[in-house]
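Novice: Pasting a structure below so you can have a look.
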Amino acid sequence: MDTIPIYLIVTMTENGTIADKGVIPWSIPGEQRYFKEHTLGAAVLMGRKTWESLEYAPLPGRLNIVLTHSGTFSAPGAIPVTSMEEALTAAHAASLAKRELWIMGGAEVLNHAQWLANKAYVTVLHDHYAGDTKFESKRNGKITDHTVSEAEIEFSRTDLPGSAPTKYTKKLRYTRVVIDYDVLKRR
């Protein structure tokens with residue numbers, strides 16, 4: 001069986017925050033378009049919590065694969081799997097426009113899959129957000145693409161326990177990088 005390239009795609013703060021209480025606490029103009037441009041026509045792998053945050057709706061135009069600990073989990077419109085090996089098999093067997101597997105989260109899946117990935121597409125927000133979910137990038141690679149941008153963004157924050165989130169707007173500087181992990185294997 002030939003291999004299928006594995007890519008991580010994640011937006012995170014400098015301290016690794018990717019979510020807070022199951023919600024992404026920011027909205028960057030163009031970020032969803034960036035995600036779609038890379039993943040459309042390919043397979044996407046997500047954990048059960050990420051699937052639930054999508055309100056159980058598969059991302060259109062992609063093979064949706066949900067990694068879960070439960071062998072009885074049901075994900076209408078997606079393929080539930082219990083291991084990375086099953087996810088790779090499902091992605092490899094599918095008839096896809098792009099023969100790629102994109103790992104989109106959550107943290108547990110990203111932290112595990114980084115060791116299998118060929119590349120990582122990372123957007124780093126140069127700001128700190130409160131968050132209970134972190135991606136701990138521990139793998140070395142070579143940055144092959146690097147762009148710095150600034151955008152007016154919206155974010156929400158719960159100021160008091162039990163209160164409704166408050167929406168804020170501010171300027172945010174962020175960097176997009178592509179990290180090639182395979183470059184270290186080719187040396």
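Novice: Hey, any idea what the orientation-averaged projected area of the convex hull of segment 113-187's Cα atoms comes to, in nm²?
Specialist: Numbers: hull surface 25.4 nm².
Projected over every direction and averaged, the Cα hull of segment 113-187 covers 6.3 nm².
Novice: Neighbouring Cβ atoms within 10 Å as the yardstick, rank Lys138, Lys36 fewest first. Numbers along the way, then the final one.
Specialist: Details: Lys138 8, Lys36 13.
The fewest-first ordering by Cβ neighbours comes to Lys138, Lys36.
Novice: Could I ask something else about it? Considering only Cα-Cα distances, which of the following residue pairs are longer than 31 Å: Lys134/Lys170; Lys119/Lys167; Lys98/Lys170; Lys134/Lys171; Lys36/Lys171; Lys138/Lys167?
Specialist: In this structure, Lys119/Lys167; Lys98/Lys170; Lys138/Lys167 lie more than 31 Å apart at Cα.
Novice: Using DSSP, restrict attention to beta bridges with both residues in the chain and report what percent are antiparallel, rounded to the nearest 5.
Specialist: 55 percent
Novice: To continue, here is another question. Give me the mean projected area, in nm² to one decimal, of the convex hull enclosing the Cα positions of segment 29-75. Walk me through the intermediate numbers first.
Specialist: Details: hull surface 14.1 nm².
Directional mean of the projected Cα hull area for segment 29-75 stands at 3.5 nm².
Novice: Taking every Cα atom in segment 47-184, find the radius of gyration and the maximum pairwise distance Dmax, and write them in Å.
Specialist: 17.3, 48
Novice: Taking the Cα-to-Cβ direction at His128 and at Thr166 and moving 7 Å from each Cα, how far apart do the two end points lie in nm?
Specialist: 1.9 nm
Novice: Tell me the label-point distance for the pair Ala94, Gln32, using the 7 Å Cα-to-Cβ offset, in nm and rounded to one decimal.
Specialist: For the pair Ala94/Gln32, the computed spacing is 2.0 nm.
Novice: Normalized C-alpha radius of gyration of segment 2-121, against 2.2 N^0.38 Å? Mind dumping the intermediate values first?
Specialist: Details: Rg = 13.4 Å, N = 120, 2.2 N^0.38 = 13.6 Å.
The value comes to 0.99.
Novice: Please compute the modelled spin-label separation between Thr147 and Ser83, points set 7 Å along Cα→Cβ, answer in nm with one decimal.
Specialist: 3.9 nm
Novice: Using the alpha-carbon atoms, what tilt in degrees (0 to 90, nearest 10) does helix 84-93 show relative to the longest principal axis of the chain?
Specialist: Once rounded, one gets 70 degrees.
Novice: Could I ask something else about it? Full extension from Arg173 to Phe73: what is 0.36 nm times the residue separation minus their Cα-Cα distance, to one decimal in nm? Let's see the in-between values first.
Specialist: On the way: separation 100, 0.36 × 100 = 36.00 nm, distance 3.94 nm.
Net length gain for the segment: 32.1 nm.
Readers should treat all values here as calculations from the given coordinates under stated rules, not as data from a laboratory. This is a predicted model, so every value here is computed, not measured. Every residue, glycine as well, gets a Cβ built from its backbone with ideal geometry; the counts of neighbours run over all protein chains shown.
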